[in-house]
Amino acid sequence: MKNILITGGAGFIGSHVVRLFVNKYPEYRTVNLDKLTYAGNLENLKDVEGAPNYTFVKADICDFETVLNIFRTYGIDGVLHLAAESHVDRSIKDPFTFARTNVMGTLSLLQAAKECWKGNYSEKLFYHISTDEVYGALQFDETLFTEETKYSPHSPYSASKAGSDHFVRAFHDTYGLPVIITNCSNNYGPYQFPEKLIPLFINNIRSNKPLPVYGKGENVRDWLYVVDHARAIDIIFHRGKIGETYNIGGFNEWKNIDLIKVIIKTVDKLLSRAEGESEKLITYVTDRAGHDLRYAIDSSKLKNELGWQPSLQFEEGIEKTVKWYLENQQWLDSVTSGAYQEYYEEYYGLKDKK
Ligand code: NAD
Ligand code: TYD
């Protein structure tokens, strides 16, 4: 496999995957297709932007003709599909955008792969990156999500991801398209847009702003360091079995309020504040509509079959993450202000294409 298309490569997880592929596989051409929505920042990929095996293309995955053209121009053999609208709160306010990008965008990529590969599937792979949120919510006493757990999405975000997963599977079952799907738990780490819990709270603690805890803070999430997710994606892309689903997770469940206290402790320590000083910023707010109580993933299939497991202990990952955000205030400022957009439009000659 030579020409790899990574969609959503300018986003949080996508940028870690692009970096890994560009650095580890000089023999591949890695094409990053991204629309550069508010969540896509080429600032995340500054360190690889000049690499000879890297190409960036600004495009919308929903634009079928453009996507097909990209497949043909670059002779795409392998797809790692990460482009998506990814924030649950935004999906509650604007479900249409989620259905458009996550469902129709995925369909457009599948159709382009099918038309371009024309049934010659040797050395081809369409790898779809999805979420554990498609499985719905667990009660506290229920066992973890496995690959056999029935889909039961509750939010417009998870419904749209479930829809995309079903289309991917349908293209495998109907046309024989070689696909793999993975469903991963909550990621954290550098380059995550500061609307998600961990970067938002780090930033707010630093600026002494209120920390909006939804409901009673008792919801549970299973956290995985983003670089470990990227490692899993690499292993599955190269050694996963066609037609399979793999769950990816950290066996690392945290009640939101307990996690928030760890973040507070870590930020206070690194800013030389008194221990727990920023707990006063905790502000309980109205719960998120349809807030899923608990997500927790059983990733033992991936461990048993492909030997992957998380490499980083949670305490270490959180400390690394907090340090990164505190040291990269300029990144935070520029991604939230949109200032980076203009620079990159100039850099990639995108200005006239608007
Ligand atoms: P993100 O929101 O940080 O990045 C999404 C990227 O997709 C951005 O670069 C954006 O510009 C791009 N994009 C959005 N709409 C597009 C379109 N129409 N055409 C082309 N590009 C478009 O998301 P993320 O957190 O990096 O998540 C990446 C993938 O992983 C998503 O599919 C998400 O569902 C999945 N996932 C995320 C998590 C998590 O905790 N963040 C966990 C499991 C799975
Ligand atoms: P989030 O990072 O949005 O991820 P997801 O909803 O996909 O799991 O939220 C993680 C958890 O934190 C979730 O239970 C909602 C909660 N949360 C808050 O309590 N306050 C906030 O401001 C945010 C963004 C999330």
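The values are calculated or read from the model by the stated rules, or taken from the named source; none is laboratory data. Small disclaimer: the values here were computed from a predicted structure and weren't measured. We place every Cβ from the backbone using ideal geometry, glycine too, and count neighbours over all the protein chains shown. When the accessible area is computed, the model is the full protein with side chains, heavy atoms only, and any ligands, DNA or RNA have been set aside. Shrake-Rupley method; radii C 1.70, N 1.55, O 1.52, S 1.80 Å.
In the condition set (1) open to solvent by 50 Å² or more (accessible area, probe 1.4 Å); (2) touching a residue at least 60 places away in the same chain (Cβ under 8 Å); (3) more than 30 Å from Ser185 (Cβ to Cβ), Gly75 is compliant with all but (1). Scan segment 54-66 for residues that are buried (at least 16 other Cβ atoms within 10 Å of the Cβ) and part of a loop (DSSP other than H, G, I, E, B) and the total you get is 4. Among the candidates Arg221, Arg294, Arg239, Arg231, the residue that is within 24 Å of the chain's Cα centre (by Cα), within 13 Å of ligand 1 (Cβ to nearest atom), among the charged types (D, E, K, R) and modelled with pLDDT of 95 or more is uniquely Arg221. Looking across segment 39-53, the residues that are part of a helix (DSSP H, G or I) and touching a residue at least 40 places away in the same chain (Cβ under 8 Å) come down to Leu42, Glu43, Asn44. Determine whether segment 25-44 contains at least one residue that is at positive phi and either surrounded by fewer than 24 Cβ atoms within 10 Å (Cβ to Cβ) or within 16 Å of ligand 2 (Cβ to nearest atom) (or both). Within segment 25-44 (the criterion being at positive phi and either surrounded by fewer than 24 Cβ atoms within 10 Å (Cβ to Cβ) or within 16 Å of ligand 2 (Cβ to nearest atom) (or both)), the answer is yes, since at least one residue qualifies.
Cβ-Cβ contacts under 6 Å between residues 6 or more apart (or on different chains), taken from a first residue in segment 3-21 that is open to solvent by 10 Å² or more (accessible area, probe 1.4 Å) to a second residue that is hydroxyl-bearing (Ser, Thr, Tyr) and outside any strand (DSSP E or B), are listed as Asn3/Tyr74; Phe12/Tyr191.
Hey, any hits in segment 308-317 for a residue that's on the phi > 0 side of the Ramachandran plot and out of contact with any Gly (no Cβ under 6 Å at 6 or more places or on another chain)? Within segment 308-317, not a single residue is on the phi > 0 side of the Ramachandran plot and out of contact with any Gly (no Cβ under 6 Å at 6 or more places or on another chain). Taking each residue of segment 231-254 that is at positive phi and looking for partners that are open to solvent by less than 10 Å² (accessible area, probe 1.4 Å) and assigned to a strand (DSSP E or B) with beta-carbon atoms closer than 8 Å, six or more apart or interchain, yields Gly243/Val179; Gly243/Ile180; Phe251/Asp222; Phe251/Ile297.
Each residue in segment 239-282 was checked for being open to solvent by 20 Å² or more (accessible area, probe 1.4 Å), part of a helix (DSSP H, G or I) and of a type in the set (Gly, Ala, Ser), and 0 pass. Being touching a Pro at 6+ places or on another chain (Cβ under 9 Å) and touching a residue at least 60 places away in the same chain (Cβ under 8 Å) is a property that Tyr295 lacks.
For segment 119-133, the candidate set comprises residues that are within 16 Å of ligand 2 (Cβ to nearest atom) and free of Cβ contacts under 8 Å to residues at least 60 places away in the same chain; within that set, the residue that is surrounded by the fewest Cβ atoms within 10 Å (Cβ to Cβ) is Ser130.
Yes or no, residue by residue, for (1) touching a helix residue (DSSP H, G or I) at 6+ places or on another chain (Cβ under 8 Å); (2) within 21 Å of Asp292 (Cα to Cα); (3) open to solvent by 50 Å² or more (accessible area, probe 1.4 Å); (4) not in a helix (DSSP H, G or I):
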position	(1), (2), (3), (4)
Asn69	no, no, yes, no
Ala84	yes, yes, no, yes
Phe98	yes, yes, no, no
Met104	no, no, yes, no
Ala113	yes, no, no, no
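Filtering segment 89-118 down to residues that are within 16 Å of ligand 2 (Cβ to nearest atom) and acidic (Asp, Glu), which residue is nearest to the chain's Cα centre (by Cα)? The residue in question is Asp89.
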